[in-house]
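Undergrad: Here you go, one structure.
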Amino acid sequence: MSQFQLTTKVNIPLSGGMRIDKGQTFIVNLPFGHLPFDSINSKEAVTKRLELEGFNIKGRESILSSGYFDFKKL
């Protein structure tokens, strides 16, 4: 598995008045050879990680991109 650190580039408003703040970081594990937003499976892994942190992004899946997150391999 490869481990990546995702860092939000901007404040991301979510439903229910929640938001992911700019600069917040998340660690996600992906199969070797994959990047956080390069496939449906990778995006699902990121979504699950965000859900574990208490963030529901249903209806906001468009945020799963390098436009909203920087990522680096750990």
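Undergrad: Could you identify the single residue in Gly33, Gly54 that is of a type outside the set (D, E, K, R), farther than 16 Å from Ser66 by Cα and more than 13 Å from the chain's Cα centre (by Cα)?
TA: Gly33
Undergrad: Answer yes or no as to whether Asp70 is open to solvent by 50 Å² or more (accessible area, probe 1.4 Å) and touching a Lys or Arg at 6+ places or on another chain (Cβ under 7 Å).
TA: Judged against the criteria, Asp70 is a match.
Undergrad: Turning to a different aspect of this structure: Is there any pair linking a residue in segment 47-64 that is under 15 Å from Gly16 (Cβ atoms) and touching a residue at least 40 places away in the same chain (Cβ under 8 Å) to one that is part of a helix (DSSP H, G or I) and hydroxyl-bearing (Ser, Thr, Tyr), with Cβ under 6 Å and at least six apart or on different chains, and which?
TA: none
Undergrad: Further question: Say we look at segment 14-60 and pick out the residues that are of a type in the set (S, T, N, Q) and in contact with a His (Cβ under 9 Å, 6 or more places away or on another chain); which of these is surrounded by the most Cβ atoms within 10 Å (Cβ to Cβ)?
TA: Among residues in segment 14-60 that are of a type in the set (S, T, N, Q) and in contact with a His (Cβ under 9 Å, 6 or more places away or on another chain), the one surrounded by the most Cβ atoms within 10 Å (Cβ to Cβ) is Ser42.
Undergrad: Continuing with this model, one more query. Cβ-Cβ under 7 Å, sequence separation 6+ or interchain: first residue in segment 8-35 and on the phi > 0 side of the Ramachandran plot, partner part of a strand (DSSP E or B). Which pairs?
TA: Sorted first by the residue in segment 8-35, then by its partner, the pairs are Gly23/Thr7; Gly23/Thr8.
Undergrad: While we're looking at this one, here's another question. How many of the residues making up segment 1-13 are in a loop (DSSP other than H, G, I, E, B) and either loosely packed, with under 13 Cβ neighbours inside 10 Å or basic (Lys, Arg) (or both)?
TA: Residues meeting the conditions: 3.
The values are calculated or read from the model by the stated rules, or taken from the named source; none is laboratory data. Since this is a predicted model, take the numbers as computed values, not measurements. All Cβ positions, even for glycine, are placed from backbone atoms using ideal geometry, and neighbour counts span all protein chains on display. Note: areas computed on protein heavy atoms with side chains; ligands, DNA, RNA excluded. Shrake-Rupley method; radii C 1.70, N 1.55, O 1.52, S 1.80 Å.
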